[in-house]
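The values are calculated or read from the model by the stated rules, or taken from the named source; none is laboratory data. Treat the numbers as computed from the prediction; the structure is a model and nothing was measured. Heads up, the Cβs are rebuilt from the backbone with ideal geometry, glycines too, and the neighbour counts pull from every protein chain shown.
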Amino acid sequence: MKELGFGIIGCGMIAEVHAKAISGLQGCRLAACYDPVEERAKTFAASHGCNGYGSLEAFLSDENLDIVTIATPSGLHLDGALAAIGAGKHVIVEKPLEITTRRCDMIIDAAEKQGVLLAGVFHSRYFEVPQLIKRTIESGRFGTISMADAQVKWYRSQQYYDSGAWRGTWKLDGGGALMNQSIHAIDLLQWFMGPVTEINGRVATLAHQRIEVEDTAVATLRFANGALGVIEGTTSAYPGFLKRIEICGSEGTVLMEEESLKVWEFEHPMPEDDEIRAKHLGAQSGDGGAGDPSSVGYLGHKMEFASFVDAVRTSRTPDIDGHEARKAVEIIEAIYTSARQDGATVTLPLEKE
């Protein structure tokens, strides 16, 4: 089995998560990294035992590269992804795939034309509890699902936003509490429930200064299956709380908090329910970065990267390909569009530009 070499574009905080995830993959190694600040690339390379480049061209010419992960600020994902795709590399892009659906489509189209595999990072899907909820919804056990909600009440200090000139900007962050922090929960919500058809949104900047984007947002949703829902996202809820997703149906309700369960109740009990509660109800889980972005673990990335490696080796479509990764961006884009129109109803899918 040929060893697959990974490369990372961007050597900031999330690149450390990517490197840890790659280090645990069988038959793979981190071969190279690139950052436009060459000193940063060299420091990162020395720490992780790979080649470090301050030139993107030289990085992409590294003969050991098979897969490139994009770990730059969100609004720069397009540039790095297109360069890697153009060099014939398979690509994994950190969330969001890009900051608008138009830019997402440019990446997707390029990968399809080049014949390389593309994935967006939505690693929350790989944990056991989300997988369990997905299977249970598909089984019909909830009966008629009436409501589905996502809450991301996190905290980011003013220092967090001040620590990088790109943070809190439309051009490079692409949005605030929704696009940067809440997007994993939004992806899970639409993965569980299926397509959203209507959105009404409100956003505000209430607790932070010197940022262009929202630190507080609320949206109401109508899903194609008829259910209604709510998304709440903020970076102004001290000290930061675990993300929560609640699915309510005529025959059952489940409340997930991070990667554990708070509620697992169904009208018609099944033998496995007691085991599920014993294993997952109130189980300890990380904070997911609720109060500290540096506390994000790497296990989810490792699971998704491992699945992507399998897709490369077997020539199958990745679980979370570009089209899948685009869905959460479209929902967030629709919320922003609604908010700019004083909460007007926006219908999905959005028209492609």
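Per-residue answers, yes or no, for (1) within 30 Å of Arg202 (Cβ to Cβ); (2) in contact (Cβ under 8 Å) with a residue 24 or more places away in the chain:
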{"residue": "Gly249", "(1), (2)": "yes, yes"}
{"residue": "Gly252", "(1), (2)": "no, yes"}
{"residue": "Trp264", "(1), (2)": "no, no"}
{"residue": "Ala278", "(1), (2)": "no, no"}
{"residue": "Leu281", "(1), (2)": "no, no"}
{"residue": "Val296", "(1), (2)": "yes, yes"}
{"residue": "Asp310", "(1), (2)": "no, no"}
{"residue": "Glu330", "(1), (2)": "yes, yes"}
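Here are the criteria: (1) among the β-branched types (Val, Ile, Thr); (2) in a strand (DSSP E or B); (3) closer than 30 Å to Gly7 by Cα. Tell me which single one Val312 does not satisfy.
(2) is the only condition that Val312 fails.
Right, Ala325: buried (at least 16 other Cβ atoms within 10 Å of the Cβ), within 28 Å of Gly5 (Cβ to Cβ), within 16 Å of the chain's Cα centre (by Cα) and at pLDDT 95 or above or not?
It is true that Ala325 is buried (at least 16 other Cβ atoms within 10 Å of the Cβ), within 28 Å of Gly5 (Cβ to Cβ), within 16 Å of the chain's Cα centre (by Cα) and at pLDDT 95 or above.
Of the numbered conditions (1) farther than 29 Å from Tyr161 by Cα; (2) touching a strand residue (DSSP E or B) at 6+ places or on another chain (Cβ under 7 Å); (3) among the polar types (S, T, N, Q), Thr337 satisfies every one except a single condition; which is it?
That leaves (1) as the condition not met.
Taking Gly252 as the residue in question, decide whether it is in contact with a strand residue (DSSP E or B) (Cβ under 6 Å, 6 or more places away or on another chain), surrounded by 13 or more Cβ atoms within 10 Å (Cβ to Cβ) and farther than 30 Å from Ala19 by Cβ.
yes
Spot the failing condition for Met1; the list is (1) outside any strand (DSSP E or B); (2) at pLDDT 95 or above, and only one is missed.
For Met1, the exception is condition (2).
Thr43 - would you say it is out of contact with any Leu (no Cβ under 9 Å at 6 or more places or on another chain) and within 30 Å of Ala334 (Cβ to Cβ)?
The answer is no for Thr43.
If I filter region 100-122 for residues that are out of contact with any Leu (no Cβ under 7 Å at 6 or more places or on another chain), under 27 Å from Leu299 (Cα atoms), in contact (Cβ under 8 Å) with a residue 12 or more places away in the chain and of a type in the set (Lys, Arg), do I get at least one hit? If you could, list the steps in order and put the result at the bottom.
Restricting attention to region 100-122, the residues satisfying the condition of being out of contact with any Leu (no Cβ under 7 Å at 6 or more places or on another chain) are 100, 102, 105, 109, 112-119, 121-122.
The next check asks that each one be under 27 Å from Leu299 (Cα atoms); those that pass are 116-119, 121-122.
Filter once more, keeping what is in contact (Cβ under 8 Å) with a residue 12 or more places away in the chain: 116-119, 121-122.
Then drop every residue that is not of a type in the set (Lys, Arg), which leaves none.
Checked against the condition, which is being out of contact with any Leu (no Cβ under 7 Å at 6 or more places or on another chain), under 27 Å from Leu299 (Cα atoms), in contact (Cβ under 8 Å) with a residue 12 or more places away in the chain and of a type in the set (Lys, Arg), region 100-122 yields no hits at all.
What are the residues in region 50-89 that are part of a loop (DSSP other than H, G, I, E, B) and either β-branched (Val, Ile, Thr) or buried (at least 20 other Cβ atoms within 10 Å of the Cβ) (or both), if any?
Passing the criteria: Cys50, Leu65, Ala71, Thr72, Pro73, Lys89.
Check Glu351 against each of (1) closer than 30 Å to Val218 by Cβ; (2) in the same structural domain as Pro130 (by TED's automatic domain parsing); (3) acidic (Asp, Glu) and name the one condition it does not meet.
Result: Glu351 passes all but (2).
Kindly indicate whether Thr169 is in contact (Cβ under 8 Å) with a residue 40 or more places away in the chain, among the hydroxyl-bearing types (Ser, Thr, Tyr), farther than 24 Å from Gly10 by Cα and out of contact with any Lys or Arg (no Cβ under 9 Å at 6 or more places or on another chain).
Against the criterion (in contact (Cβ under 8 Å) with a residue 40 or more places away in the chain, among the hydroxyl-bearing types (Ser, Thr, Tyr), farther than 24 Å from Gly10 by Cα and out of contact with any Lys or Arg (no Cβ under 9 Å at 6 or more places or on another chain)), Thr169 does not qualify.
Please work out if Ala41 is outside any loop (DSSP other than H, G, I, E, B), out of contact with any helix residue (DSSP H, G or I) (no Cβ under 9 Å at 6 or more places or on another chain) and modelled with pLDDT of 95 or more. Before the answer, list the steps.
Values: outside any loop (DSSP other than H, G, I, E, B): yes; out of contact with any helix residue (DSSP H, G or I) (no Cβ under 9 Å at 6 or more places or on another chain): no; modelled with pLDDT of 95 or more: yes.
Considered against the rule, which asks whether it is outside any loop (DSSP other than H, G, I, E, B), out of contact with any helix residue (DSSP H, G or I) (no Cβ under 9 Å at 6 or more places or on another chain) and modelled with pLDDT of 95 or more, Ala41 comes out as no.
State yes or no: is Ala150 touching a residue at least 12 places away in the same chain (Cβ under 8 Å) and touching a helix residue (DSSP H, G or I) at 6+ places or on another chain (Cβ under 6 Å)?
Answer is yes for this residue.
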